[in-house]
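The values are calculated or read from the model by the stated rules, or taken from the named source; none is laboratory data. In this text the structure is predicted, and so the values were computed from the model without any measurement. Methodologically, a virtual Cβ is constructed for each residue, glycine included, from the backbone with ideal geometry; neighbour enumeration extends over all protein chains shown.
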Amino acid sequence: MAPPLIQLRDIKLTFGGTPLLAGVELSVSTGEHVCLIGRNGSGKSTLLKIAAGLVEPDGGSRFVQPGATIRYLPQEPDFSGFSTTLAYVEAGLNAGDDHYQARYLVEQLGLSGEEDPAHVSGGEARRAALARVLAPSPDILLLDEPTNHLDLPTIEWLESELESRRCALVIISHDRRFLGNLSRSTAWLDRGQIRQIDRGFSAFEAWRDEVLAEEERDQHKLDRKIVNEEHWLRYGVSGRRKRNVKRLGNLHALRDQRRTHRGATGNANLAAAEADKSGKLVIEAKNISRSYGERKIVDGFSIRVQRGDRIGIVGPNGAGKTTLIEMLTGGSAPDSGSIRLGANIEMATLDQHRESLDPKTTLAEALTGGRGDHVMVGGKPKHVVSYMKDFLFAQEQMRTPLEVLSGGERGRLMLARALAKPSNLLVLDEPTNDLDLETLDVLEEMLSDYEGTVILISHDRDFLDRVVTSVIVPEGNGRWLEYAGGYTDMLAQRGADVKRATAKAVEETREQRSAVPSGVARRRLTFNEQHALETLPKTIAKLQAEIAKQQRFLDDPDLFRKDRKRFDQASDALTTAQKELAEAEDKWLELEVRREEIEQA
């Protein structure tokens, strides 16, 4: 087994009472892809910061292989002191790193590099932070919720990019599909301890259930043993005193073991307060359109939404998902076409702008609106502490200001506020952001049991597959189409066309963000193409030298007889180098022709 690039041993950390980390062990070797799983508040982000060297534990040791480079992606990047996103990305490079790589990644992630970090959206901030940690090509990448605020095309690009790299990965994410596609081992942080298996996330949930079931059986056996020993203490004490004292000591030890056992955290109790049924027809849109200047956001879209439908809206950031949902629900009028809402509609909404809450407000005040100690749930009062417990908040958090809550806790708070209002139409904008996997499971169950209608925006492919009955997707130039089924069903219906259509929508979004006219942008080589044009001649020369080297080995007529293994290695290396040389020469020729055409134009 390869020596570890980074190793944490017996890590201990306590904030207040119960230890957050109690003797945690984690080891990551070259090329290993580890997903770090755990409930909100279990210490995953803190452990990642300890691995990055940003937090000092109370006890334990941290070892990093000498010379190994680490890059850490925080949930909330700090842009202070940087005038542009490109400056922020380039500041993450080491001396001697390739600055073209920084510019290339900025471009690939849909940024111009000139954005003011003080005014970027959540998605743009996440893309800039990703470019910063990827640009130096580190040996170890520590990624905390890398897919948050990213659209689906960017998530799929990121998957491909990470899969192609040789670096070690430690990933915290709520995105099941992302974890399933990338992880090869799983570290489960639970009640201050880590359990680890050499299998990816796809095996995690079944393994977790087995572990918890075994733990429950062990606790049941322990309880029965304590009952038996207590019965002996009451009725069966006899014989030698020394033996009795020892047995009594064993009983005390059993009781201590039972008392100090930290049981598994329960699940959230999510339930939407449902209003009276709406009419059978919920929304009818006929040929609606909306434009911003010359750009068409929605062009001639029609849909009939009936009671009980669960509709997902997907697409690149900036494609117009929120605009479409606002028109469909009557929040804004279309430029043309008509919207008709059905009878008896009671709508509850969850938007993604959690920063709209006053960070100084306490958790109880955010739930009650600052009015007393009760929350109106479905029109009936419920004590705020009882309602908090439904969403996995402890009683002592009642007076906690919102600014100290984790991302997952803020997500649960927004759900608690939205679900308290009686509704028969739920409109959810990115409901899965920052939620742990167990809460996601409960949210999915709640939505499946909800008797009303659901319209949601999400970039979580697995969540869409489990929840929605149809998916609305942008096809470019303002056209939106509805596909039956979940996200995977939509891909199957669109077939090979999905990449072309998605690329078109992404390109339109990038052009909208850019201040440079699209015609000018097409009349120059990209940073990546410029870099390739400059570096390919050196690559071609190296490949030619490799081919000559392997050919010299194979020119020995006795090599096959003397060293069959060396002969096979040389043959394989020669074939690979010849293939790579042909590809490099073709690419260089293509770029050279393009450069000449641009210069002539």
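For the condition surrounded by 18 or more Cβ atoms within 10 Å (Cβ to Cβ), of a type outside the set (A, V, I, L, M, F, W, C) and within 19 Å of Arg184 (Cα to Cα), Pro57 does not qualify.
Per this entry, Ala541 is not counted among residues that are surrounded by 14 or more Cβ atoms within 10 Å (Cβ to Cβ), at pLDDT 70 or above and in a helix (DSSP H, G or I). The set of residues from region 387-406 being loosely packed, with under 15 Cβ neighbours inside 10 Å and part of a helix (DSSP H, G or I) comprises Gln395, Glu396, Glu403, Val404. Among the residues of region 391-416, those identified as in contact with a strand residue (DSSP E or B) (Cβ under 9 Å, 6 or more places away or on another chain) and either among the aromatic types (Phe, Trp, Tyr) or in contact (Cβ under 8 Å) with a residue 60 or more places away in the chain (or both) are Met414, Leu415.
The single condition among (1) under 30 Å from Val468 (Cα atoms); (2) without any contact (Cβ under 8 Å) to a residue 60 or more places away in the chain; (3) in contact with a strand residue (DSSP E or B) (Cβ under 9 Å, 6 or more places away or on another chain) that Val427 does not meet is (2). In region 448-495, of all residues being of a type in the set (A, V, I, L, M, F, W, C) and in a helix (DSSP H, G or I), the one that is nearest to the chain's Cα centre (by Cα) corresponds to Phe463.
The set of residues from region 379-424 being hydroxyl-bearing (Ser, Thr, Tyr) and out of contact with any helix residue (DSSP H, G or I) (no Cβ under 9 Å at 6 or more places or on another chain) comprises Ser386, Ser423.
For Glu163, the stated conditions hold: it is part of a helix (DSSP H, G or I), of a type outside the set (Ser, Thr, Tyr) and over 21 Å from Leu47 (Cα atoms).
At least 2 residues being hydrophobic (A, V, I, L, M, F, W, C) and at pLDDT below 90 is the threshold, and among the strands (runs of 3 or more DSSP E) wholly inside region 270-368 those reaching it are 347-350.
Scan region 13-36 and give yes if some residue there is outside any strand (DSSP E or B), in contact with a helix residue (DSSP H, G or I) (Cβ under 7 Å, 6 or more places away or on another chain) and more than 22 Å from Ala203 (Cα to Cα), otherwise no. Checking region 13-36: not a single residue is outside any strand (DSSP E or B), in contact with a helix residue (DSSP H, G or I) (Cβ under 7 Å, 6 or more places away or on another chain) and more than 22 Å from Ala203 (Cα to Cα). One residue is enough: does region 20-35 have a residue meeting the conditions touching a Phe, Trp or Tyr at 6+ places or on another chain (Cβ under 7 Å) and assigned by TED's automatic domain parsing to the domain that holds Leu73? Within region 20-35, one or more residues are touching a Phe, Trp or Tyr at 6+ places or on another chain (Cβ under 7 Å) and assigned by TED's automatic domain parsing to the domain that holds Leu73.
Applying a threshold of 8 Å to beta carbon distances and a minimum spacing of six or more residues, or different chains, the list of pairs starting in region 138-167 at a residue that is under 9 Å from His459 (Cβ atoms) and surrounded by fewer than 21 Cβ atoms within 10 Å (Cβ to Cβ) and ending at one that is at pLDDT 95 or above and not β-branched (Val, Ile, Thr) is empty.
Of these, Leu86, Leu109, which one is more than 19 Å from Ala52 (Cα to Cα), more than 18 Å from the chain's Cα centre (by Cα) and of a type in the set (A, V, I, L, M)?
Of Leu86, Leu109, the one residue that is more than 19 Å from Ala52 (Cα to Cα), more than 18 Å from the chain's Cα centre (by Cα) and of a type in the set (A, V, I, L, M) is Leu86.
None of Val427, Val375 is assigned to a strand (DSSP E or B), in the same structural domain as Arg307 (by TED's automatic domain parsing) and touching a helix residue (DSSP H, G or I) at 6+ places or on another chain (Cβ under 6 Å) except Val375. Could we say that Leu435 is touching a helix residue (DSSP H, G or I) at 6+ places or on another chain (Cβ under 8 Å), within 26 Å of Gly38 (Cα to Cα) and in a helix (DSSP H, G or I) here? For Leu435, the condition - touching a helix residue (DSSP H, G or I) at 6+ places or on another chain (Cβ under 8 Å), within 26 Å of Gly38 (Cα to Cα) and in a helix (DSSP H, G or I) - is not met. Can we say Leu179 is part of a helix (DSSP H, G or I) and farther than 17 Å from Phe79 by Cβ? Judged against the criteria, Leu179 is a match.
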